[in-house]
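Please read the structure below before turning to the comments.
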Amino acid sequence: LKPVAPGRYEITQRVADVEILPGVRTPMWTYGGTFPGPTIESRRGQAITVTHRNELPVPTVVHLHGGRTPAESDGYPTDLVLPAGWSGGHGHAMPDPRAVQSRVTRTYTFPLDQRPAMLWYHDHRMDFTAPAIWRGLAGLHFVRDDAEEALGLPSGPRELPLMITDRAFAADGSLDYPSLDATLRERPGVRESFLGGVLGDVILVNGAPWPIHEADAARYRLRILNGSNARHYELEAVTDDGRRLPLVQVGADQGLLAAPVTHASLPIGPAERYDVVVDFASVPVGGRVRLLNRLGTGRTAEVMAFRIARPARDDSRVPAVLSQDLPSWDSPARVREFSFRAGPMPGGHGWLIDGRPFDPSRTDVTVGLGDVEVWRLVADVHHPIHLHLAGFRVLSRGGRPPLPHDAGLKDTVSLRPGEAAEIITRFDGYRGRYLFHCHNAEHEDMGMMANLEVR
Ligand code: C2O
Ligand code: CU
Ligand code: CU
């Protein structure tokens, strides 16, 4: 996306027909007419503003996921931008005296005083985040700096963002979301098909179904986001002759690892990002490497393919030391525990944190600015838990050391069924009202979200 002036961007949210399936028009809710929305490229510590104009028929609010952002620009779920003709009241079910709403436009300020990373921006409207993202409100945002660029990792055309999402389509090409917005607002949460979240049977990478990318026989840096509402993947890169290429992880949600970690396959829950280098040098020209999903069946077991089109010279490298500024903390001021479970709530069943559904008028946790805390997160089923504002380290899972893919600084940890994990973080940055929640987007809409007040 080109700035309109240095550090200033404008995005119009509007309905657009997008060609997702070949030759078929799919009406979507878009950032700027495309899906994914335009990618924003920025530099560490150089603040930008993004003015969003809402020409959609519904209220919206933008959150920069992974951003270290002042609360007033963090996209709190009731801080809505109402469409011009909107007469539906506050646009959400519950009153929130602290909501800061605007009509048609809102300018968000992002200081981006944070480690280089691939972030993503998406809608965060209370009770309606899942259908809004499903309909298309998601885009990527890179933060870069000189130190990272000096490492010599694959770059230019050999650095590929891969936003992986699943969607379902109706016969006329429109997106099929198995609910009406109204149904979600009433929070029934009881429909079986809904409890696990909404899955699609078509896998999209950057908005294209099962794409084939023409690649050089060289190293590629894949910046992977699972932008799906609810689907988990376990990715592997497999050649035509059945070899699994090593996935060399160089970064996590919040930027570079201290040192590379090599995986044969990589689990990725909703909202997680992995920064991975794969080397195609051993693949003969004309051969293919398929990115597969070990958790899928039939076509959901496939994600995309690379066709090795030409031999190539490769000056890239993966240094043994990637970064030396990874924070690690000890001596937490507090240890807290939170449970993430299904349970009864008004109007049916919902997804709850410590037995309660989200309520914007309640403060669930108050932390001091600069405090180090350990949070123990306990899950009943799969829940990818995301914390706004602060990146964290995973300390343990199920009482054991973290898994290899838990390395680095994260903002989303994918809890497995029945699992408890401990994370440690320091709440720095800004004071104000933030959130933590499950990033299964349907779980989030059905209550699994809580308020975090940084004082
Ligand atoms: Cu990606 Cu609170 O969200
Ligand atoms: Cu977030
Ligand atoms: Cu969940």
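The values are calculated or read from the model by the stated rules, or taken from the named source; none is laboratory data. These numbers were taken from a predicted model, which means no experiment stands behind them. We place every Cβ from the backbone using ideal geometry, glycine too, and count neighbours over all the protein chains shown.
Annotations
- Index of the failed condition, residue 130 passing every other in (1) away from ligand 3 (no atom under 16 Å from the Cβ); (2) modelled with pLDDT of 95 or more; (3) of a type in the set (Gly, Ala, Ser): (1)
- Wholly enclosed strands (runs of 3 or more DSSP E) of the range 336-394 bearing at least 2 residues away from ligand 3 (no atom under 12 Å from the Cβ) and not charged (D, E, K, R): 348-353, 365-367, 372-379
- Condition check for residue 10: in a strand (DSSP E or B) and free of Cβ contacts under 8 Å to residues at least 60 places away in the same chain: yes
- Residue in the range 279-298 that is outside the structural domain of residue 249 (by TED's automatic domain parsing) and either under 29 Å from residue 241 (Cα atoms) or part of a loop (DSSP other than H, G, I, E, B) (or both) present: no
Results for (1) under 16 Å from residue 336 (Cα atoms); (2) polar (S, T, N, Q); (3) more than 16 Å from ligand 2 (Cβ to nearest atom), shown as yes or no for each residue.
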| position | (1), (2), (3) |
| --- | --- |
| 367 | yes, no, yes |
| 376 | yes, no, yes |
| 380 | no, no, yes |
| 393 | yes, no, yes |
| 418 | no, no, yes |
| 421 | yes, no, yes |
| 430 | no, no, no |
| 437 | yes, no, no |
| 442 | no, no, yes |
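- Here the range 53-68 is the region considered, the condition is being surrounded by 23 or more Cβ atoms within 10 Å (Cβ to Cβ) and within 23 Å of residue 27 (Cα to Cα), and the residue that is farthest from ligand 3 (Cβ to nearest atom) is 54.
Table: residues versus (1) more than 20 Å from the chain's Cα centre (by Cα); (2) among the β-branched types (Val, Ile, Thr).
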position: 60; (1), (2): no, yes
position: 71; (1), (2): no, no
position: 76; (1), (2): no, no
position: 83; (1), (2): yes, no
position: 97; (1), (2): yes, no
position: 108; (1), (2): no, no
position: 124; (1), (2): no, no
position: 131; (1), (2): no, no
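- The range 67-80 residues that are assigned by TED's automatic domain parsing to the domain that holds residue 42 and closer than 10 Å to residue 96 by Cβ, paired with ones that are assigned to a helix (DSSP H, G or I) and away from ligand 1 (no atom under 13 Å from the Cβ) (beta carbon under 8 Å, 6 or more apart): 79/72
- Within the range 397-455, the set of residues being part of a loop (DSSP other than H, G, I, E, B), surrounded by fewer than 23 Cβ atoms within 10 Å (Cβ to Cβ) and within 16 Å of ligand 3 (Cβ to nearest atom) comprises 416, 417, 418, 419.
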